[in-house]
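Reviewing the structure listed below.
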Amino acid sequence: MSGHVSGPSAGRAGGRFEGRVAIVTGSSRGIGLAVAERLTAEGARVCLTARRQEALDEAVDALPEGSAIAVAGRAEDAEHRAEVLARAAEAFGRVDALVNVVGMNPVFGDLVGVDLAAARKIFEVNVIAPLGWVQDLLADPALAFAERGGSIVNLSSVTGTTPSPGIGLYGVSKAAVAHLTRTLAVELGPSIRVNAVSPAVVRTEFSRALYEGKEEAVTAGYPLGRLGEPADVASAVAFLLSDDAQWITGEVLTVDGGLLAAGGVA
Ligand SMILES: NC(=O)c1ccc[n+]([C@@H]2O[C@H](COP(=O)([O-])OP(=O)(O)OC[C@H]3O[C@@H](n4cnc5c(N)ncnc54)[C@H](OP(=O)(O)O)[C@@H]3O)[C@@H](O)[C@H]2O)c1
């Protein structure tokens with residue numbers, strides 16, 4: 001267990017998320033941290049998660065004072081999820097939004113040769129865990145997620161739309177995330193909206209091998225001429241969570257600098 005509220009519990013006045021609380025998994029760095037930065041800048045309070053405590057502490061310190069707590073653990077671990085929900089209830093008394101950011105891709109190679117134990121692990125973390133977060137959140141009466149008109153955003157990937165060589169199983173898992181999103185949207189309306197974002201290559205630790213040393217060649221395929229930055233994804237996530245998107249559910253929003261429109265592959 002870990003984390004702390006670092007001051008009075010107030011977000012920025014007048015922001016789209018003033019008074020609201022979000023759980024953002026996988027948020028000590030990369031896309032998750034950018035989402036936390038964006039939501040808190042617009043008035044939210046957030047509960048961050050990741051495996052490493054030290055990185056979480058640094059992330060909390062980088063956010064506006066009093067806007068964040070952090071709980072260390074594995075997203076795929078049910079005990080960790082229970083602890084996060086209990087800590088969020090204790091610190092904030094409510095949860096209005098869930099952003100399932102955690103994802104993994106530990107294997108490289110063709111689908112036909114993939115180690116099946118690794119395949120099960122990828123599905124456990126990328127698909128089953130996000131569903132577990134949704135189930136656990138809905139089952140928690142103290143947080144009244146559905147009654148508050150909760151909103152969920154999942155992280156898919158353009159590799160779930162267009163097969164990418166070498167990362168096929170990851171793509172299959174991200175296609176499953178897209179369909180999980182649509183199916184949950186149908187099941188959970190009208191009280192809860194469920195959407196996803198589907199990025200191409202975004203400059204983070206996770207994707208470093210896809211662009212390092214070859215950025216010019218990679219971005220040549222992007223009509224907007226550059227890699228994604230975590231903030232590009234965060235702004236799309238914030239839109240989908242916000243009341244600006246109140247008639248949008250079951251949507252998988254591509255955030256790719258135009259890559260798919262150009263017929264490209266991540
Ligand atoms: N970057 C891209 O190009 C890209 C493109 C499309 C989709 N995505 C998706 O975006 C999501 C985030 O990617 P990212 O690029 O921001 O990655 P990242 O920079 O590597 O950040 C991953 C975050 O998740 C935490 N984490 C990793 N595994 C975890 C686990 N099992 N349980 C709890 N926390 C965990 C990490 O902290 P710890 O290591 O301390 O746990 C870190 O905070 C993933 O779902 C990925 O598939 C990324």
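List of remarks:
- Alpha-carbon Rg with Dmax, taken over the chain, Å: 17.6, 54
- Normalised by 2.2 N^0.38 Å, where N counts its residues, the alpha-carbon radius of gyration of the range 169-266 equals 1.18.
- Surface share of carbon and sulfur [accessible, 1.4 angstrom probe, percent] for the chain: 55
- Interchain or long-range residues, amide H under 5 Å from Leu143's placed H: none
- Furthest towards positive pole of dipole, Val237, Leu180, Ala34, structure part the range 3-255, Cβ charges: Leu180
- Mean Cα-pair separation over length for the range 100-169, i.e. relative contact order, pairs under 8 Å, 6 or more apart, %: 53
- Length gained when the stretch Asp244-Ala262 is fully extended (0.36 nm per residue, less Cα-Cα span): 3.6 nm
- Calculated [θ] (222 nm, deg cm²/dmol) that DSSP helices of n ≥ 4 give over the chain, each run adding -39,500 (n - 2.57): -11000 deg cm²/dmol
- Put simply, the Cα atoms of the range 78-190 extend 47, 29, 17 Å along their principal axes, the longest span coming first.
- Rounded to the nearest 20 debye, dipole of the chain from Cβ charges on Lys, Arg, Asp, Glu: 240
- Across the range 3-255, the mean sequence separation of Cα contacts (distance under 8 Å, 6 or more residues apart), normalised by length, yields a relative contact order of 18 percent.
- Shape of the range 10-147, Cα gyration tensor, a/c cut at 1.5: prolate
- Gyration tensor (alpha-carbon) shape descriptor, the range 180-231, a/c threshold 1.5: prolate
- Size of charge dipole - the range 197-236 - debye, nearest 20, with Cβ of Lys, Arg +1 and Asp, Glu -1, no other charges: 60
The values are calculated or read from the model by the stated rules, or taken from the named source; none is laboratory data. Everything numeric in this text was worked out from a predicted model, so none of it was measured. Backbone-built Cβ (ideal geometry, glycine too); neighbour counts: all protein chains shown. For the accessible areas, the whole protein counts, side chains as well, though only heavy atoms, and no ligand, DNA or RNA atoms are used. Shrake-Rupley method; radii C 1.70, N 1.55, O 1.52, S 1.80 Å.
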